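Okay, structure first, notes after.
The numbers here are math on the coordinates, done by the rules we state, and not lab data. All values reported here derive from a predicted model rather than from experimental measurement. Virtual Cβ from ideal backbone geometry, glycine too; neighbours counted across all protein chains shown.
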Amino acid sequence: MPEQSTLEPLKVAVLISGRGTNLQSLIDTFGPDIADSPVKIVLVLSNRPDAQGLERAAKAGLKTEIVDHKSFATREDFDVAMDREIRAAGAAFIVLAGFMRLLTEGFINAWKDRMINIHPALLPAFPGLHTHQRALEAGVKLHGCTVHFVRHETDTGPIIAQAAVPVLPGDDETTLAARVLHAEHRLYPLALRLIAEGKVRVEAERAIVAEASAADGILFNPAIG
Ligand code: GRF
């Protein structure tokens, strides 16, 4: 667990593969222009040279690196190269933000409880891909997103925070994805702030959040008149 004093921001590497809207929400909350940020983004690393998120990072004046997975013979070699860049940048914590490569056990163990992911579903429901389509097919009335510490099994690990949104009549994959993404952009900075402030610890594979208080009331869908 990161031990943070009030003076020392948590140094974070953000790993991306694509458009980077979650990265953008982190830049807007913790970027170089933000005074007294508890988080300092020291590196934005992409496995894809064409990731749109790299432009967002560069525009914000952040250090960027490309570690192209296609240049490596094995997953192990790729992860070692990433690990080297992350440590060279001085990062103490990793934030996966739409990073679309499976990580090796060695990398995951090396960053245990110091690496988080955001997943577009209310885990443990709908791990994996196509979460919005699967939520629609299942007919769930609440859907959402989850921030969790990363473990070896895909989309598992101690859950730090979740946000729920209603599935509305007439929703399709696009409208539902947009509603969840909006929630992601609020949830990820919130969860990272809690970690940076030292308010999250893992006990018996559960994340305990100090001073956690849920919003009042119950979220009904359909709403009860
Ligand atoms: C998000 O839906 C996130 O939950 C998932 O990948 C997507 C990344 O989107 N892990 P963006 O690149 O942050 O826009």
- [ ] Excluding residues fewer than 8 places away in the same chain, name every one of the aspartates and glutamates whose C-alpha is closer than 15 Å to that of residue 40.
- [x] 3, 8, 28, 197
TODO: Would you compute the Debye intensity of the stretch 101-170 from its alpha-carbon atoms alone, equal scatterers and no solvent, and pass along log10 I(q)/I(0) at q = 0.22, 0.24 Å⁻¹ to two decimals?
DONE: -0.90, -1.01
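Given the convex hull over the Cα atoms of the stretch 96-225, what projected area results after averaging over all orientations, in nm²?
Details: hull surface 35.0 nm².
Average projection, Cα convex hull of the stretch 96-225: 8.7 nm².
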TODO: Determine the calculated [θ] at 222 nm for the chain from helices alone, applying -39500 (n - 2.57) to every DSSP H run no shorter than 4 residues and normalising by the residue count; nearest 500 deg cm²/dmol.
DONE: -9500 deg cm²/dmol
TODO: Take the alpha carbon atoms of the stretch 185-221, find their center, do the same for the stretch 12-53, and report the distance between the two centers in whole angstrom.
DONE: 21
Task: Length gained when the stretch residue 186-residue 84 is fully extended (0.36 nm per residue, less Cα-Cα span) - done: 33.7 nm
- [ ] On each of the three principal axes of the Cα atoms of the chain, give max minus min coordinate, whole Å, ordered largest first.
- [x] 56, 40, 37
- [ ] Starting from the Cα of residue 220, step 7 Å toward the Cβ, then list every residue of the stretch 140-155 with an amide N under 19 Å from that point.
- [x] 140-143
